[in-house]
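The values are calculated or read from the model by the stated rules, or taken from the named source; none is laboratory data. Note that this is a predicted model, so its numbers are computed, not measured. Cβ placement follows ideal geometry from the backbone for every residue including glycine, while neighbour counts extend to all protein chains displayed. When the accessible area is computed, the model is the full protein with side chains, heavy atoms only, and any ligands, DNA or RNA have been set aside. Shrake-Rupley method; radii C 1.70, N 1.55, O 1.52, S 1.80 Å.
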Amino acid sequence: SEGWRYISTQPSTRAFLFMSWVLPLFIIPNFNALPPIFAKDIFAGGPETLGLLLSAVGIGGIAGGFVTASLGQQERRGILQLGALFCLSLSLIAFAISTTFWIAWVFMVLAGFFEMIFLTTNMTLLQLSIPDRLRGRVTGIISLRSGLMPVGAFFAGLGADLVGPRWMTLILAGITGTIAVIVFFASPTIRDYRLSRALAELEADDT
């Protein structure tokens, strides 16, 4: 209850927590629920095709991790988070409309790349917004978002059955991109977030 009270009173933590829900609801289904359908029904392949699609996400994720780790004290982490989310949505849209497997594979690599940048940045900003004395309580609440993954996978699978995997990916990616644009214009908490200010506030709170 103390963790919930903290989240409800802290705009930064609340905003970054809500942003973290985008991943299990609208992004991860494109990486775990829909690739088997793309491999079989869209690209007329089998286990090898599915393996290549899943490995593309991993390759992009590894590259995105290295890039994020090299950013150091880059100030505009809020903008970076939103930019990565928007580019991720564009990558998935391009993947969904690609008719050639290897072109689609390249866009899946890009999707994995931007997904890792978004995920790492989002988690970094979340942790920076939490004082050490409450970190365990609030992090426990944040981890509950994993329960949203089956929900996202359910609706992705249902949508793929009703309108097809291409359209379902376009819908999920379109929602993701729309969220990134809306948050950019409507949330100065995220748009104007500065790493140095977050570090200063965290240090002040802990002392």
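Considering region 147-160, and only residues there that are within 19 Å of the chain's Cα centre (by Cα) and under 20 Å from I179 (Cα atoms), the residue that is most open to solvent (accessible area, probe 1.4 Å) turns out to be F155.
Quick check on my filter: what residues within region 29-61 are open to solvent by 30 Å² or more (accessible area, probe 1.4 Å), under 17 Å from the mean Cα position of the chain (by Cα) and within 15 Å of F107 (Cα to Cα)? Within region 29-61, L54, G58, I59 qualify. Checking each residue in region 146-172 for being of a type in the set (A, V, I, L, M) and without any contact (Cβ under 8 Å) to a residue 12 or more places away in the chain picks out L158, L162, V163. Of the numbered criteria (1) open to solvent by less than 50 Å² (accessible area, probe 1.4 Å); (2) assigned to a helix (DSSP H, G or I), the one W102 fails is (1).
From the list G177, G140, G147, the lone residue that is part of a helix (DSSP H, G or I), among the small types (G, A, S) and closer than 28 Å to T99 by Cα is G177.
State yes or no: is A96 in a helix (DSSP H, G or I) and within 18 Å of T124 (Cα to Cα)? So A96 does not fit the description; no.
Within region 76-89, can one find any residue that is assigned to a loop (DSSP other than H, G, I, E, B), open to solvent by 60 Å² or more (accessible area, probe 1.4 Å) and touching a residue at least 40 places away in the same chain (Cβ under 8 Å)? Among the residues of region 76-89, at least one is assigned to a loop (DSSP other than H, G, I, E, B), open to solvent by 60 Å² or more (accessible area, probe 1.4 Å) and touching a residue at least 40 places away in the same chain (Cβ under 8 Å), which makes the answer yes. Looking at the structure I just gave you, is G164 on the phi > 0 side of the Ramachandran plot and open to solvent by 10 Å² or more (accessible area, probe 1.4 Å)? Yes: the conditions hold for G164. Just to be sure before I move on: is S143 open to solvent by 60 Å² or more (accessible area, probe 1.4 Å), out of contact with any Asp or Glu (no Cβ under 6 Å at 6 or more places or on another chain) and among the small types (G, A, S) in the structure I sent? Spelling it out, S143 is indeed open to solvent by 60 Å² or more (accessible area, probe 1.4 Å), out of contact with any Asp or Glu (no Cβ under 6 Å at 6 or more places or on another chain) and among the small types (G, A, S). Here region 112-134 is the region considered, the condition is being of a type outside the set (S, T, N, Q), open to solvent by less than 10 Å² (accessible area, probe 1.4 Å) and not in a loop (DSSP other than H, G, I, E, B), and the residue that is farthest from S70 (Cα to Cα) is L134. Residues that are on the phi < 0 side of the Ramachandran plot, among the aromatic types (F, W, Y) and at pLDDT below 90 number at least 1 in the following helices (runs of 4 or more DSSP H) confined to region 1-47: 2-9, 11-20.
One line per residue, one yes/no per condition, for (1) out of contact with any Leu (no Cβ under 8 Å at 6 or more places or on another chain); (2) within 22 Å of I175 (Cβ to Cβ):
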| residue | (1), (2) |
| --- | --- |
| G3 | no, no |
| I7 | no, no |
| W21 | no, yes |
| I27 | no, yes |
| F31 | no, yes |
| P36 | no, yes |
| T49 | yes, no |
| G61 | yes, yes |
| G64 | yes, yes |
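When region 62-100 is limited to residues that are modelled with pLDDT of 95 or more and aromatic (F, W, Y), the one that is nearest to the chain's Cα centre (by Cα) turns out to be F86. Beta carbons closer than 6 Å, at least 6 apart along the sequence or on distinct chains, pair a first residue in region 123-144 that is within 16 Å of S196 (Cα to Cα) with a second that is open to solvent by 60 Å² or more (accessible area, probe 1.4 Å) for P131/D205; P131/D206.
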